[in-house]
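Contents: one structure, followed by commentary.
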Amino acid sequence: MASSACLSFSSPLHPSPLNHHPNSASAVFTPTRPPILCAFAAPVRKKVAAPPSPTGPKRRHWKEGEFPGISETSVPGTSRKAPLKNVKKKLDRKSSAKAWVNTVTEALADRISKKQWQEALEVFEMLREQPFYYPKEGTYMKLLVLLGKSRQPARARQLFDTMLEEGCGPTPELYTALLAAYCRNNLIDEAFSILNEMKALPNSQPDVFTYSTLIKVCVDSSRFDLVESLYEEMAERLIVPNTVTQNIVLSGYGKAGKYDQMERVLSGMLGSKESKPDVWTMNVILSVFGNKGQIEAMERWYEKFRNFGIEPETRTFNILIGAYGKKRMYDKMSSVMEYMRKLQFPWTTSTYNNVIEVFADVGDAQNMEYTFDQMRAEGMRADTKTFCCLINGFANAGLFHKVVSMVQLARKFEIPENTSFFNSVISACAKAEDLIEMERVFKRMKEKETAPNFTTYSMMIEAYRKEGMNDKVYDLEQEMKELVIVNVDDGSFPSLPSPLD
């Protein structure tokens, strides 16, 4: 049982990632002193002098050593400048959005980095109204990528059209970003339509990255017939598949269980100059077998790649940790973590997420919380998957009050609330048999324009059916038929980042 297994987070290092070392020690967290905040009184404005009273106006006397506030009229030729704390207020009020160029662009960059697509578009509209605004391809590229990752293809298309209206010429990179937005939503026909647009424009011809993006969505949808046709089209255009392209196809064949085709592609890579296998290739193969719980095959391929001269990276070890954790092989999981320390590979957010998820799956709240505390003590930033695992873990343990605390903490940390996050909360509500709150969460999900997927509907339908609420079941089933359901990855192990990201 996972409840009896306690990982060592600062134990002595072991020379092999596949052997367990028993020694462990607790890590010490030394908090830093919080910054001291100072408040300053606002400058005192002089009022128009009133007629003198019989007794005369009262005069303010300052103590010795004090310096009185300076008003905007006390020094000739000076004007009062707005303090920095009012910049956010100016951005929020469109009518008075005349902030400095650096402030507006920094605000836009901040929203994009936090993956707040709605707020990013609002700040971008304010930026466009400024007299200093000049359309830049880089800004549009960042927004298109953000909208694609936020599963907003229609808004990405709208933004792309706005870019063309402003005189920004389309480039293969911008078109590929738009195409990727449709691919992320599994809209294959629309993606091929954009490819045809590119082929009709002399300065926006598709390149290897365009085709790799299309191949990925076809692979993820098991449309291997389209993959072959795209390979043929690339050959006609003298576009040579690179290592990224081949890694995508390798992953697709592996997930589909087509191991013969997977080994055929890998053999071709070993004999190629343009698409030599790299550490991504290694990660793809290990992830395929780790996903299916085939630990021996995973370990065998690990040794093969080492013999090819390919060295593992942090992501490689994270895949091993996740695979061992899913099979409850805690000794090997701990040994890999110790081996990472020995080789001075940093434990990343993904490393901690894999360990948290192991304890979350069995409802081991104590070890899960300990790992989360250790993660924060080392200054590691939690992400959406971290909180999804924590919410699932507390729900599995029946600690629903802590589920609420985690949701509140996620908002405090400004964690992006994507489909996976809402699904975790909906699942927790269903386990608590709180269908009213589940419905409220689903409503908020729609208000945030976060697309529900098949998992969202199936969880809610099961919860309503369990309570005999057939009218609710019918409504959701009809909604599923009307909407395009994107069966996105819910962030469960082992999610291997795309080489295209």
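We did not get these values from a lab; they are worked out from the coordinates using the rules stated. From a predicted model like this one, the values you see are computed outputs, not experimental measurements. A quick note on method: Cβ atoms are made from the backbone with ideal geometry, for glycine too, and the neighbour counts reach across all protein chains shown.
The figures follow:
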{"quantity": "Segment E296-M329, length gained on full extension (0.36 nm per residue, minus Cα span)", "calculated": "10.6 nm"}
{"quantity": "Test item: Cα-centred dipole of segment 375-501, Lys/Arg +1 and Asp/Glu -1 on Cβ, debye", "calculated": "420"}
{"quantity": "Ranked R128, R155, criterion: other C-beta atoms within 10 Å, fewest first", "calculated": "R128, R155"}
{"quantity": "Förster radius 30 Å - calculated FRET efficiency between D207 and L409, Cβ distance, rounded to 0.05", "calculated": "0.10"}
{"quantity": "Distance between modelled label sites at M469 and V279, nm, 7 Å Cα→Cβ extension", "calculated": "4.9"}
{"quantity": "Per-peptide average of other Cβ atoms within 10 Å, ordering 138-147, 188-197, 420-429 highest first", "calculated": "420-429, 138-147, 188-197"}
{"quantity": "Neighbourhood net charge (11 Å Cβ-Cβ; Lys/Arg +1, Asp/Glu -1) for T162", "calculated": "-1"}
{"quantity": "Residues S150, S335 arranged by fewest to most Cβ contacts within 10 Å", "calculated": "S150, S335"}
{"quantity": "Distance histogram for segment 375-501 (every C-alpha pair counted, 10 angstrom bins, percent rounded to whole numbers)", "calculated": "12, 42, 33, 11, 2"}
{"quantity": "Alpha carbon centroid spacing (whole Å) that separates segment 145-176 from segment 360-411", "calculated": "36"}
{"quantity": "Ascending count of other beta-carbon atoms within 10 Å, so fewest first, for D471, D373, D220", "calculated": "D471, D373, D220"}
{"quantity": "Protection proxy ranking, peptides 159-165, 268-274, average beta carbon neighbours within 10 Å, highest first", "calculated": "159-165, 268-274"}
